[in-house]
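Working notes, beginning with the structure itself.
A short reminder: the numbers here are calculations on the coordinates, not readings from a lab. Keep in mind it's a predicted model, so treat the numbers as computed, not measured. Glycine gets a Cβ as well: all are built from the backbone with ideal geometry, and neighbour counts include every protein chain shown.
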Amino acid sequence: MDQRRLYKTIENLASQQFETEKDMLKYVLQQIVEIENIEITGGRIWQFEPSSGDYLLLLQTGNVDKINSDFRVKIEDYPLFDQVAKERTVLGNETNKVLRKKGIMRYSASGVGSKIKYNGKLYYEYMLALNSQNIDENLRLRLSIIATALTSQIKQMRYSKRATSLRADLNKAREVQKAILPEHEYTYNDFLMFGISDPAEIVGGDLFDYIEIGPGGDHLAIALGDAASKGVSAAAEAMYISGALRMACNFEIKITPLMRRLNTLVNKIFKDEKFASLFYGELSKDRNGLMLYANAGHNPPMFVKKDSDEITTLQPTGPVLGPSPSAKYSIDSIKFEPGDVLLIYSDGVTDAANTKFENYGEERLTKVFLKTKHLSPKEITYSIMDDVIHFSKNGKYSDDKTIVVVKRMK
């Protein structure tokens, strides 16, 4: 399961109605074990007790030997726990004799919720540990994404209790967000582009932008990003990334170091919800129609030639921004001829669900895109958005939806 899909799966599970956040954590952990393509065989949730400095077992589930319900581990027995506040997820060799007798020789641990200070150090209020056939770097990334989604949902539950008093501030935030979005239509050299963003709530976590680079506008950056979750926290992250992009473009930073710096910043600034996908491409004024791009875990944009219905997808060239501070990114390229079209979109488009909980999906998106590719970017964009809205009318799930269409006109 890819990173975005995994995050959305956990978000959907956690966004149901629960009496308490502990009920939510228990439910999600139980469901994770049942989903085969996540490849998790069991897991445990531990809760930190500041009074004792111990993590107390809160829940265990799956195909694992059960531990006594009152079992606890001391943080001084696990030096790696000191790194969780910085790295969120750690892997280590199990040293506890009781746990080793249960067949647990290696462990994975990831922080969930807020951080609590104890003896001058920070510890997450919950610790999520998962069992898998392979406790490796792939599990570390999956666990980080799961923990990020759960932390986001806990914050959403806590924020919702204060939503009424925040209504006026949210309206102001929406106006600020609208003000920083670019004009829908934009012309650059032989290219015409059109973008639109439809937030699921008052403010949204999607962003898109067109940024001319260099004093003469020798290059144009086109970006579309999707911050984790929805609402205020996602909007703050989206606005931060948008501002960082504009500042970086002022310094004409090359694409690969730009992505690395963005990843480091998201990891550092958004410690508890540090997750965003981003597609970033650059056009130039020369006549060869070349676009260089990097894709940080974003939905693969669709590229189609004028005289063909064969879709080329622009696959990720690196992971999502945030979970791994040392992640590496590469670049790729496409070449526009007159009439060629690029469709960039956020996963709120394909994840839009109808009353039967069926997703709009890539297949339906592809059909509408190919059917309208001869039209202007504005007409293509509105055709897709209208079809998504019609499909998902009265549906049970909605996320921010953003579309940008780029077409070489001559």
### Task
With r as the distance between the Cβ atoms of Lys410 and Asp70 and R0 = 45 Å, compute the FRET efficiency 1/(1 + (r/R0)^6) and round to 0.05.
0.05
### Query
Hey, got a sec? Which GluC sites (Glu not before Pro) in region 19-121 land in a DSSP loop and have at most 13 other Cβ atoms within 10 Å?
Glu19
### Task
May I ask you to list the aspartates and glutamates whose Cα is less than 20 Å away from that of Lys367, ignoring any residue fewer than eight positions away on the same chain?
Asp307, Asp309, Glu310, Asp340, Asp347, Asp351, Glu358, Glu379, Asp386, Asp387
### Task
Starting from the Cα-Cα distance between Leu290 and Arg261, subtract it from 0.36 nm times their residue separation and give me the gain in nm to one decimal.
8.0 nm
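Between Met247 and Tyr118, what is the FRET efficiency for a Förster distance of 41 Å, r being their Cβ-Cβ separation, to the nearest 0.05? Please report the intermediate quantities before stating the final value.
Numbers: r = 37 Å, r/R0 = 0.90.
According to the calculation, E is roughly 0.65.
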### Task
Please order Ser51, Ser114, Ser144 by the number of other Cβ within 10 Å, starting at the fewest.
Ser51, Ser114, Ser144
### Task
Would you mind counting up the charge near Asn37? Only other residues with Cβ under 12 Å from its Cβ, with Lys and Arg at +1 and Asp and Glu at -1.
-2
### Task
Kindly flag which residue pairs out of Lys97/Lys268; Lys117/Lys268; Lys26/Lys115 have an alpha-carbon separation exceeding 25 Å in this structure.
Lys97/Lys268
### Query
Going by how many other beta carbons lie within 10 Å of each one, how would you line up Ser333, Ser233, fewest first?
Ser333, Ser233
### Task
For n ≥ 4 DSSP H runs only, could you compute -39500 (n - 2.57) per run for the chain, divide by its residues and tell me the 222 nm figure to the nearest 500?
-11500 deg cm²/dmol
### Summary
Exposure-ranked with fewest Cβ neighbours within 10 Å first, His184, His374, His390 stand as His390, His374, His184
### Query
So which trypsin sites (Lys or Arg not before Pro) in region 300-380 end up in coil per DSSP with only 10 or fewer other C-beta atoms within 10 Å?
Lys356
### Message
What are the ³J(HN,Hα) couplings of region 35-40, residue after residue, when phi is run through the Karplus curve with 6.51, -1.76, 1.60 and θ = phi - 60°? Round to Hz, x for glycine and proline.
### Response
8, 4, 6, 7, 6, 10
### Task
Note the full-extension length gain between Ala85 and Glu34 as 0.36 nm times their separation in residues minus their Cα-Cα distance, in nm to one decimal.
15.5 nm
### Query
What relative contact order, as a whole-number percentage, does the chain give when Cα pairs under 8 Å and 6 or more residues apart are counted?
13 percent
